[in-house]
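J.: Once you've had a glance at the structure underneath, I'll fire off some questions.
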Amino acid sequence: MSPTSSATAHRPAPAARTGAAGLLRTVLRIDAWSAAAFGVFLLAGGKPLSAPLGLPTTWSVPSGVAMLGAAAAVALVAGYPRIPKGPAAAVVVVNGLSCVAMLLLAFSGPLPLTAFGSVFLAFGAVVVAVFASLECVGLRRYLGAAGT
């Protein structure tokens, strides 16, 4: 056994790390693009969709701006050559909290949502939960492949 092979015997193969990072990076990128699209949708469609959804523009405009900021942050995390564990975990946590917040807004009555508006927010919560779940799986695989 050569000194090089014994030094690398305890580290995962680069392909394993790259594959695990690929899953996480892909899900983060899709999440970022989806958040950006949803942010633009809320900003551009806030006024016309106010009546059918019951979502006041005083909520849709700030939410759209927040979605664009979140999209930029998630894209930044996905763009690192080595995805940082802390920010990637923060994306999972924030997505989980966003899911809960959307469900509370949809069904607890603080907004004058129509039935369609409640379904719209509940569907959004499901989408966010799927992203959080896939990112959690990707992060676990990535950390496992990196040996941390």
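J.: If DNA, RNA and ligands are ignored and the probe is 1.4 Å, what is the ranking of Thr114, Thr58 by accessible area, most exposed first?
T.: On the way: Thr114 45, Thr58 105 Å².
Reading off the accessible areas and sorting them downward yields Thr58, Thr114.
J.: Does anyone have the angle between helix 115-146 and the longest principal axis of the chain? Alpha-carbon axes, 0 to 90°, nearest 10?
T.: So the inclination is approximately 10 degrees.
J.: Now for a separate question. Leaving out ligands, DNA and RNA, what percent of the accessible area of the chain is carbon and sulfur, probe 1.4 Å?
T.: On the way: 6300 of 8450 Å².
Carbon-and-sulfur percentage of accessible area, whole number: 75.
J.: I'd like the distance between the alpha-carbon centres of region 32-98 and region 107-148, rounded to an integer number of Å.
T.: Cα centroid of region 32-98 versus Cα centroid of region 107-148: 12 Å apart.
J.: Relative to the first principal axis of the alpha-carbon coordinates of the chain, what is the inclination of helix 85-107, with its axis defined by its Cα atoms, in degrees from 0 to 90 and to the nearest 10?
T.: Computed tilt is about 20 degrees.
J.: If you fit an axis through the alpha-carbon atoms of helix 57-79 and take the longest principal axis of the Cα set of the chain, what angle between them do you get, 0 to 90°, nearest 10?
T.: With both axes taken from Cα atoms, the answer is about 10 degrees.
J.: Which whole-number value in Å² is the accessible area per residue of region 18-67, probe 1.4 Å? Provide the component values of the computation, followed by the final result.
T.: Details: 2560 Å² over 50 residues.
It amounts to 51 Å² per residue over region 18-67.
J.: If packing is taken as the average number of other Cβ atoms within 10 Å across a peptide's residues, how do 88-99, 44-55 rank, most packed first? Walk me through the intermediate numbers first.
T.: Working: 88-99: 18.0, 44-55: 15.7.
Listed from highest to lowest mean packing, they are 88-99, 44-55.
J.: Relative contact order for region 60-148 using alpha-carbon pairs under 8 Å, separation at least 6, rounded to a whole percent? Let's see the in-between values first.
T.: Values: 49 pairs, mean separation 27.7, N = 89.
Computed value for region 60-148: 31 percent relative contact order.
J.: Of Pro110, Leu28, Gly96, which is farthest on the positive side of the dipole of the chain, counting Cα position, with +1 on Lys and Arg Cβ, -1 on Asp and Glu Cβ, and the Cα centre as origin?
T.: Positive-end residue among those listed: Leu28.
The values are calculated or read from the model by the stated rules, or taken from the named source; none is laboratory data. For clarity, every value in this text was computed on a predicted model and none was experimentally measured. All Cβ positions, glycine included, derive from the backbone under ideal geometry; neighbour counts span all protein chains shown. What goes into the accessible areas is simple: the full protein's heavy atoms, side chains included, and nothing from ligands, DNA or RNA. Shrake-Rupley method; radii C 1.70, N 1.55, O 1.52, S 1.80 Å.
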